[in-house]
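**Q** For reference, the structure I am asking about is given below.
Nothing in this text is a laboratory measurement; each read-out follows from the coordinates by a stated rule. As the structure is a computational prediction, the values presented were derived from the model and not from experiment. Every residue, glycine among them, receives a Cβ derived from its backbone with ideal geometry; neighbour counts consider all protein chains shown.
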């Protein structure tokens, strides 16, 4: 890969160094984890092959998957009444699979729509049965989360679906409501970023590629008593019960292997209480800078802002492409807002170090001095 | 990872070297591919992050996925009328997804059952609609493939489902039949092992973890005119049309990245004609050894034997655990037959070098001398 031209370049120019990566997902992973993966190629732990090349029924792989499962349970405080499943297809598949399991043909489910992903979720549920909008902030461009007290809940709902963090719109629901019906939650972009009160939840799902690992594995947490309420019969692969009972088919081995390492990293760091404190500091630092004056403007009202996906605009929106490009030159990558909403989005997941947020804030100050 | 005890061990004892890996899947990958992956951690091609950490809409990732797609098309000789999709959930998900798309509520599909995977496939189809057994070798313990002329085909079948290679039972169908109805084929354990005559196929699917890459991505090839016959409406993620139209959601980035490298390795080696010649030599070498005398016994009749999964028994079946254990000590790993059938299975996919098969044959000779 090296060329003679590179010999005179700095590491940054040669591209051999890591930048601060604000990608919304797939997203930055702890460098320690990547270096361990590197070390374990092409032979994993004395087994004669890499982790990708051994049977998913082998003792070596089994230990990895069971460790990932146990660590997730410990981190989240999940008791024996919870199953931890490693599925595929991302949250997009869960949008269909969850109602397929839990929305009976003659029943109804309530959906709280706080952004783009919730909109997608209800669309798939409506292919299965009756899915009602119990609350929505669409009229406010999803810059807020409707208060729980205002949700128009059906007392007979099979479940209430929420999106605890809306990655595109930049809002987050951290109060873990406890309602009459079990919560089914898309927690893709916030799972493992904070301790959760699990009392009200029946099912929590998350594409891993934000805080938990690489793309290609979907974390599904399901409480056993809720699992038992699912409709029957179901296609084997779409039945959560299949995967709760045993390792049914070949799992996405490599992504799960990385998830195990990320969980270990998180435990070494002190678990979710410690991580939450760091995440709150990072978010406060960035939002404080945004709110300091009118040069930058947050898109979500303060009480509903996401700790993970910090969405903002420049007072002069024409400067946004310049901001994104100059940031890249300063080693701050992937700050462009989602194509459907524009603006700036800094995703500051668990693996984004505080130094990265400080570097972004310093750049924002510089940029304001240049262009303010 | 290193301990003082290891200092006096040979590399083989210390477990730092790669063994010949006969795992049925996840299976051995070309060592060159693994070393490239290693080199590209923790920074991929000057982008400031690893391939796992960048947006699936970025130019860098897009180039990888499009290269994988183009290489698969070139290798298999797929024209513009074919779509190459990278899905998730393995063949097990395809067992349901294929009939969901192509078996109309008032229609019927024909299934040819030549092993364990075909049995699983028809079970899922029967949840969707009418799926008939057009032929089966179950009464012969799947040690043969019924001749095409004997298949009891329905002239109105929406499709005919075949399993071109049965991984557990060790048989393979290499004649690519052309029937009145389009073929839907599970080619999981043989895709890319030989050139195919695509004329009769409408849909071909394969879990990658045999010849194509690591677990976590499913290769789906669908011909456009067949795609247009699918039923509507379908859940978004289960509709092949969703994925044929665009990159809908986050794909399994890392597995696809490895698939791209495996395809490049295969092209460098000379493509599928060259690979097929090597695979035929490897299989002939092993089957010749099995057939030499009665000490070993192939489980499938010669004309239907798999080039990929070589299943055999020892004359004295009680010696099989000893054979498997001693082979491991000789650097030949994962030779145990599938738990449902027992015996020995040597999976000799594309990435198994001829040296590995020669080493296995030499070990089989030694073992016979010891125990014959």
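**Q** Evaluate the relative contact order of chain B (contact order divided by residue number), counting alpha-carbon pairs under 8 angstrom at least 6 apart; express in whole percent.
**A** On the way: 668 pairs, mean separation 79.7, N = 372.
Relative contact order comes out at 21 percent.
**Q** Please compute the average number of Cβ atoms from other chains found within 10 Å of each residue's Cβ in peptide B:86-95. Please report the intermediate quantities before stating the final value.
**A** Working: counts 0, 2, 10, 9, 7, 3, 7, 8, 1, 4.
Per residue, the number of nearby Cβ atoms from other chains is 5 on average.
**Q** How high is the relative contact order of segment B:146-218, in percent, with contacts defined as C-alpha pairs under 8 Å that are six or more residues apart?
**A** Details: 107 pairs, mean separation 18.7, N = 73.
Across segment B:146-218, relative contact order equals 26 percent.
**Q** Still on this structure, I have one more. Report for the protein assembly as shown the percent antiparallel among DSSP-assigned beta bridges with both residues inside it, nearest 5.
**A** Working: 44 of 80 bridges.
Around 55 percent of the beta bridges assigned by DSSP in the protein assembly as shown are antiparallel ones.
**Q** Please list B:285-295, B:52-62 highest first by mean number of surrounding beta-carbon atoms within 10 Å per residue.
**A** On the way: B:285-295: 15.6, B:52-62: 19.2.
Answer by packing, highest mean first, reads B:52-62, B:285-295.
**Q** Classify segment A:180-267 from the C-alpha gyration tensor, please: rounded if a/c falls under 1.5, else prolate or oblate depending on whether a/b exceeds b/c.
**A** On the way: a/c = 2.29, a/b = 1.21, b/c = 1.89.
It comes out oblate by the Cα gyration axes.
**Q** Restricting to segment B:59-268, what percent of DSSP beta bridges are antiparallel, rounded to 5? All intermediate terms of the calculation are to be shown ahead of the outcome.
**A** Details: 13 of 29 bridges.
Around 45 percent antiparallel, to the nearest 5.
**Q** On to the next question. Among DSSP beta bridges whose residues both lie in chain A, state the antiparallel percentage, nearest 5.
**A** On the way: 22 of 40 bridges.
About 55 percent, rounded to the nearest 5.
**Q** Using a 10 Å cut-off around each Cβ of peptide B:50-62, what is the average number of partner chain Cβ atoms that fall inside? Can you show the working numbers first?
**A** Values: counts 11, 2, 15, 15, 8, 10, 5, 4, 4, 0, 0, 2, 0.
That works out to 6 on average.
**Q** Which of rounded, prolate, oblate describes chain B, given a ≥ b ≥ c as roots of the alpha-carbon gyration tensor eigenvalues and a/c under 1.5 marking rounded, otherwise prolate only if a/b is larger than b/c? Provide the component values of the computation, followed by the final result.
**A** Details: a/c = 2.10, a/b = 1.16, b/c = 1.80.
Cα axes put chain B in the oblate bin.
**Q** If you don't mind, there's one more thing I want to ask. Just check segment B:251-292 against the gyration tensor rule for me: Cα atoms, a ≥ b ≥ c as the square roots of the eigenvalues, rounded for a/c under 1.5, and otherwise prolate or oblate depending on whether a/b exceeds b/c. Display every interim value, and only then the final one.
**A** Numbers: a/c = 5.49, a/b = 2.22, b/c = 2.47.
The shape class here is oblate.
**Q** Could you tell me the extents of the protein assembly as shown's C-alpha atoms along the three principal axes, largest first, rounded to whole Å?
**A** 86, 65, 50
**Q** I want to check the label-to-label distance for residue A:74 and residue A:246. Put each point 7 Å from Cα in the C-beta direction and report it in nm to one decimal.
**A** Placing both labels 7 Å beyond Cα along the Cβ direction yields 2.8 nm.
**Q** For the pair residue B:127/residue B:291, report the inter-label distance in nm, with labels modelled 7 Å from Cα in the Cβ direction.
**A** Spacing of the two 7 Å Cα→Cβ label points: 4.2 nm.
**Q** Taking 0.36 nm per residue of sequence separation and subtracting the Cα-Cα distance, how much length would be gained by fully extending the chain between residue A:362 and residue A:153, in nm to one decimal? Don't skip to the answer; put the middle values down first.
**A** Numbers: separation 209, 0.36 × 209 = 75.24 nm, distance 4.52 nm.
Gain in length upon complete extension: 70.7 nm.
**Q** A further question follows. When each copy gets a label point 7 Å from Cα toward the beta-carbon at residue A:280, what are the spacings between them in nm, shortest first?
**A** Label-point distances to the other copies, shortest first: 7.0 nm.
**Q** Still on this structure, please answer the following. Normalised by the number of residues in segment A:59-268, what is the relative contact order in percent for Cα pairs under 8 Å and 6+ residues apart? Kindly include the intermediate steps, with their values, before the conclusion.
**A** Values: 398 pairs, mean separation 56.6, N = 210.
Reported relative contact order: 27 percent.
**Q** Also: What number, rounded to the nearest 500 deg cm²/dmol, is the helix-based mean residue ellipticity at 222 nm of the protein assembly as shown, given -39500 (n - 2.57) per DSSP H run of at least four residues and division by all its residues? Intermediate results must be reported in sequence, preceding the final value.
**A** Working: 22 runs with 265 residues, N = 744.
Taken over the protein assembly as shown, the calculation gives -11000 deg cm²/dmol.
**Q** Within 10 Å of each Cβ in B:117-127, how many Cβ atoms from other chains are there, averaged over the peptide?
**A** Numbers: counts 0, 0, 0, 2, 0, 0, 2, 4, 0, 0, 5.
Mean shielding count: 1.
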